[in-house]
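Scroll down for the structure; my scribbles are underneath it.
The values are calculated or read from the model by the stated rules, or taken from the named source; none is laboratory data. As the structure is a computational prediction, the values presented were derived from the model and not from experiment. With ideal geometry, Cβ positions are generated from the backbone for all residues, glycine too; neighbour counts draw on all protein chains shown.
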Amino acid sequence: MERSLGLMCGAGELPALMASEARRQGWRVVAFAFAPDTGAAAHAARVVPSTIAEMAPVIAALQEEKVAGVLFSGKFWMGDLLRADGVDEAHRSMARRAGGLLDGNVKAALLATLGAMGIELLDQRPFLAARLPTETVLGTRTPTAEEWADVRRGLTVARAAAEWSVGQTVVVRRGAVSAVEAIEGTTAAIRRGTTLSGPGAVVVKAVGGDHDFRFDVPTIGPETIEAAAEGGAAVVALEAERVFVLEREATVRRADAASIALVSTRGGAD
């Protein structure tokens, strides 16, 4: 019997990618569209227009479709929760259960809501249709010794920020941290950091040691490189095997065109 998968679709390219892979694996995909034009509709048996403020229709559709597993996909911003007005009772109930808007609280409330319906929240990584990059230089340019020092510094700071559920991206130049991602997201943090640091900055994206890949697979893509190039960044580094590269070929081409060293690393390079 075909299993139904509830795909919670945020912004970006991931929903279409993951919907396609889920369908290939034999799932019947029900796409909950929290963002416009996610691309998942082409691979879904049903699309449910959804908003953060109104959770009752989402819960009803999950039950109606007898969904066995839920998969989060794409970008969801904490700011959407902060700005949600006119919320329904289902949203208020989940908010009361969560308490403060810390990642751990929100995750616990979501898991409790799904668990009460007998629905499993799935790890996103098996649905990416490509491996997360291992330790390697992805583009043509290799960082200098000074840039590698900033990469290592950035990994330390980014991992600490991620552990505290602050953000996953930092901008560093000559050891000084010019930006730590918060609620604004990766692209805005890069623009802010490169503006403050000036040309030659190093952008680093990493995750906490106990990162839960059911809720989020950190990503970079062409948009990330474009923001870094606009700010004159010299390096974009991501934590090996823990950060995914969207549109990998296009991302590498854009980095090479801007003479940005694009690397996937655990922090041990010299």
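Would you check which residues across the stretch 241-251 are surrounded by fewer than 19 Cβ atoms within 10 Å (Cβ to Cβ) and touching a residue at least 12 places away in the same chain (Cβ under 8 Å) and list them? If you could, list the steps in order and put the result at the bottom.
Within the stretch 241-251, the subset surrounded by fewer than 19 Cβ atoms within 10 Å (Cβ to Cβ) is 241, 246-250.
Of everything in the stretch 241-251, those that are surrounded by fewer than 19 Cβ atoms within 10 Å (Cβ to Cβ) and touching a residue at least 12 places away in the same chain (Cβ under 8 Å) turn out to be E241, L246, E247, R248, A250.
Within the stretch 141-170, the set of residues being touching a residue at least 12 places away in the same chain (Cβ under 8 Å) and among the small types (G, A, S) comprises A145, A149, G154, A158, A161, A162, S165, G167. State which residue pairs qualify: first residue within 17 Å of A11 (Cα to Cα) and inside the stretch 38-56, second residue charged (D, E, K, R) and in a strand (DSSP E or B) in any location, beta carbons under 9 Å apart, and separation of 6 or more residues or different chains. The qualifying pairs are A44/R28. Within the stretch 64-75, the residues that satisfy the criterion of being modelled with pLDDT of 95 or more and either within 23 Å of the chain's Cα centre (by Cα) or not acidic (D, E) (or both) are K66, V67, A68, G69, V70, L71. Within the stretch 242-258, the set of residues being part of a loop (DSSP other than H, G, I, E, B) and either among the β-branched types (V, I, T) or under 27 Å from H211 (Cα atoms) (or both) comprises R242, V243, L246, E247.
Which one of these is out of contact with any Leu (no Cβ under 8 Å at 6 or more places or on another chain) and over 20 Å from F72 (Cβ atoms): A188, A162, A179? Break it down into steps so the answer makes sense when it comes.
Details: A162 fails: over 20 Å from F72 (Cβ atoms); A179 fails: out of contact with any Leu (no Cβ under 8 Å at 6 or more places or on another chain).
Only one candidate passes the filter, namely A188.
Using the structure shown, decide if R159 is within 21 Å of P222 (Cα to Cα) and of a type in the set (K, R). I'd like the intermediate steps shown before the answer.
Numbers: within 21 Å of P222 (Cα to Cα): no; of a type in the set (K, R): yes.
It is false that R159 is within 21 Å of P222 (Cα to Cα) and of a type in the set (K, R).
Counting residues in the stretch 247-264 that are modelled with pLDDT under 95 and touching a helix residue (DSSP H, G or I) at 6+ places or on another chain (Cβ under 8 Å) gives one or more.
Any residue at all in the stretch 8-25 that's surrounded by 16 or more Cβ atoms within 10 Å (Cβ to Cβ), without any contact (Cβ under 8 Å) to a residue 24 or more places away in the chain and not assigned by TED's automatic domain parsing to the domain that holds V245? Yes, because at least one residue in the stretch 8-25 is surrounded by 16 or more Cβ atoms within 10 Å (Cβ to Cβ), without any contact (Cβ under 8 Å) to a residue 24 or more places away in the chain and not assigned by TED's automatic domain parsing to the domain that holds V245.
Being part of a strand (DSSP E or B), of a type outside the set (S, T, N, Q), within 21 Å of V137 (Cβ to Cβ) and over 13 Å from the mean Cα position of the chain (by Cα) narrows it down to one of A237, A228, A179, so name that one.
Result: A237 is the single residue among A237, A228, A179 that is part of a strand (DSSP E or B), of a type outside the set (S, T, N, Q), within 21 Å of V137 (Cβ to Cβ) and over 13 Å from the mean Cα position of the chain (by Cα).
Quick check on R191: is it in contact (Cβ under 8 Å) with a residue 12 or more places away in the chain, assigned to a helix (DSSP H, G or I), assigned by TED's automatic domain parsing to the domain that holds A258 and charged (D, E, K, R)? Yes; evaluated as a whole, the condition is true for this residue.
Based on what the data block shows, is L121 assigned by TED's automatic domain parsing to the domain that holds A11, surrounded by 16 or more Cβ atoms within 10 Å (Cβ to Cβ) and modelled with pLDDT of 85 or more? So L121 passes the test.
Would you call T169 surrounded by 21 or more Cβ atoms within 10 Å (Cβ to Cβ) and either outside the structural domain of A261 (by TED's automatic domain parsing) or closer than 27 Å to R253 by Cα (or both)? Steps first, answer last, please.
Numbers: surrounded by 21 or more Cβ atoms within 10 Å (Cβ to Cβ): yes; either outside the structural domain of A261 (by TED's automatic domain parsing) or closer than 27 Å to R253 by Cα (or both): yes.
Yes.
Condition check ((1) within 25 Å of R254 (Cβ to Cβ); (2) part of a loop (DSSP other than H, G, I, E, B)) across all residues:
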{"position": "G118", "(1), (2)": "no, yes"}
{"position": "A129", "(1), (2)": "yes, yes"}
{"position": "T134", "(1), (2)": "yes, yes"}
{"position": "W148", "(1), (2)": "yes, no"}
{"position": "V151", "(1), (2)": "yes, no"}
